[in-house]
1. Among the candidates 44, 78, single out the residue that is under 11 Å from the mean Cα position of the chain (by Cα), among the charged types (D, E, K, R) and exposed (fewer than 14 other Cβ atoms within 10 Å of the Cβ).
2. Could you grab me the full set of residues in the range 81-107 that are modelled with pLDDT of 65 or more and open to solvent by 100 Å² or more (accessible area, probe 1.4 Å)?
Amino acid sequence: MSESDFDIAIKELEERKEDLRPSDIILFSEPLRSALNFVIRLGRFSLTEFAEKLTFTRDETKRIADLLVDRNLFAVSRFSNAEETFYESRLTAMTRPLTRPPSDLWKKID
């Protein structure tokens with residue numbers, strides 16, 4: 001018996017222990033690859049939108065999204081509520097906050 005698309009997607013995500021970057025999605029099988037490509041381009045998306053692209057059940061999609069949050073490709077958005085979970089895709093797996101350059105930077109350059 002062959003594995004379902006969901007089982008293959010879970011296995012691919014669980015095998016990877018390090019953080020994921022958008023460039024890593026080409027390594028995944030379909031429909032995960034296309035769905036990730038779509039939502040990364042959106043930037044902010046709902047669990048419902050992600051489930052529609054994956055064609056998995058909502059619970060299966062939630063499990064995949066949780067793995068992607070653990071791998072720092074997605075972050076749960078502050079706009080999430082009891083009815084819907086929203087995510088934001090990260091452009092890199094870098095998790096440390098970026099700091100603004102010092103205000104006197106231009107004085108140092110001149």
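1. Matching residue, one of 44, 78: 44.
2. 82, 83, 91, 103, 106, 107
The values are calculated or read from the model by the stated rules, or taken from the named source; none is laboratory data. Keep in mind that what you see is a predicted model, and the values were worked out from it rather than measured. Every residue, glycine among them, receives a Cβ derived from its backbone with ideal geometry; neighbour counts consider all protein chains shown. The area values use the complete protein model at the heavy-atom level, side chains included, leaving out ligands, DNA and RNA. Shrake-Rupley method; radii C 1.70, N 1.55, O 1.52, S 1.80 Å.
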